[in-house]
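Since the structure comes first, as structure tokens, the remarks are kept for the end.
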Amino acid sequence: MTQATQPPVRAVLLDIEGTTIPVSFVHDTLFPYARKALPVLLRKQADDPSVHAQVEEIARLAPGVPPLRQLETWMDADAKVAPLKALQGMVWAQGYADGVLKATLYPDVTPALRCWAAAGLALAVYSSGSVAAQKLIYGHTTDGDLSSVFVGFYDLQMGGKRDAQSYARILQDAQWQAGDVLFLSDVVAELDAAAAAGLRTCQIVRPQDGTQPGTAHPVAATLDEVAERFGLPRAGQA
């Protein structure tokens with residue numbers, strides 16, 4: 001089936017890092033902020049039920065290892081682990097609330113997202129960062145609060161991003177048909193998993209991040225190119 005004969009895209013599922021936000025924002029801003037703030041969180045809010053629950057989960061995953069040491073180990077490895085992501089989300093929430101943190105998206109992202117949402121496309125996020133962290137990013141951007149353009153946010157509660165079953169769970173939750181959904185990510189293995197679940201895919205290859213294009217999926221450098229390639233509404237066009 002060619003692009004011309006495929007049904008129109010009705011929903012777009014988006015990765016964050018390397019797709020809508022530069023990798024540098026996550027690695028040079030968010031991660032260092034969390035590394036400094038997590039010891040304070042664990043020390044001052046140890047009795048907070050939400051913090052305590054994550055500390056217990058750390059103990060289950062890494063018995064006998066002090067929580068902060070395990071968190072630092074996971075951060076060093078850029079591990080996609082639920083308790084780390086949850087605790088990072090908590091400290092980032094305070095950083096955004098204080099005005100210390102503000103997300104800068106790629107310049108093509110905000111116009112495209114607003115255009116697609118206004119045209120009736122269902123937009124959702126799937127990231128290894130917690131749902132809370134996702135909402136903070138899109139709720140505190142240099143372009144304003146963009147969280148309202150999304151109808152759904154998904155994280156590792158759906159499963160790993162390289163597991164086809166995770167995308168099947170998202171489809172079930174959102175009540176979408178696989179062939180109606182376009183998944184955008186910079187990571188080929190994630191696109192492979194989404195394609196295995198029946199989703200349409202496009203690799204976002206940002207020159208700023210040095211992303212290397214694969215050969216198994218369509219490729220675009222911007223969301224405007226995605227719109228052109230898949231027949232989506234384009235920002236700035238009547």
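The values are calculated or read from the model by the stated rules, or taken from the named source; none is laboratory data. Not measured: the values here are computed from a predicted model. FYI the Cβ positions are ideal-geometry reconstructions off the backbone, even for glycines, and counts take in every protein chain you see. SASA here: full protein model, heavy atoms, side chains in, ligands and nucleic acids out. Shrake-Rupley method; radii C 1.70, N 1.55, O 1.52, S 1.80 Å.
Details
- When we screen L121, L146 for residues that are in contact with a Gly (Cβ under 8 Å, 6 or more places away or on another chain) and not β-branched (V, I, T), the only hit is L146.
- Single unsatisfied condition, A82 versus (1) surrounded by 15 or more Cβ atoms within 10 Å (Cβ to Cβ); (2) under 27 Å from G144 (Cα atoms); (3) of a type in the set (G, A, S): (2)
- Scanning segment 187-220 for residues that are open to solvent by 30 Å² or more (accessible area, probe 1.4 Å) and either under 25 Å from P111 (Cβ atoms) or under 17 Å from the mean Cα position of the chain (by Cα) (or both) gives V187, V188, A189, D192, P207, Q208, D209, G210, P213, P218, V219.
- Residues in segment 221-238 that are without any contact (Cβ under 8 Å) to a residue 24 or more places away in the chain and either on the phi > 0 side of the Ramachandran plot or not small (G, A, S) (or both) were compared, and the one that is surrounded by the fewest Cβ atoms within 10 Å (Cβ to Cβ) is Q237.
- Any chance V81 is of a type in the set (V, I, T) and more than 30 Å from F230 (Cβ to Cβ): yes
- Exactly one residue out of A93, A122 is crowded, with 16+ Cβ neighbours inside 10 Å and within 14 Å of A34 (Cα to Cα): that is A93.
- Condition check for F230: at pLDDT 95 or above, over 28 Å from P83 (Cα atoms) and among the aromatic types (F, W, Y): yes
- With a requirement of 2 or more residues that are of a type in the set (D, E), the helices (runs of 4 or more DSSP H) lying completely within segment 12-108 that satisfy it span 49-61, 67-76.
- Note on segment 152-176: residues that are assigned to a loop (DSSP other than H, G, I, E, B), under 21 Å from A119 (Cα atoms) and free of Cβ contacts under 8 Å to residues at least 60 places away in the same chain amount to 1.
- Selection count where residues are under 20 Å from L191 (Cα atoms) and of a type in the set (S, T, Y), scope segment 99-129: 3
- Close pairs from segment 13-39: first polar (S, T, N, Q) and open to solvent by less than 20 Å² (accessible area, probe 1.4 Å), partner modelled with pLDDT of 95 or more and part of a helix (DSSP H, G or I), Cβ under 7 Å, at least 6 apart: T20/V109
- Hey, W116 at pLDDT 95 or above, in a helix (DSSP H, G or I) and not assigned by the TED database to the domain that holds F31 or not: yes
- Hits in segment 214-231 - residues which are in contact with a Leu (Cβ under 7 Å, 6 or more places away or on another chain) and not in a helix (DSSP H, G or I): H217
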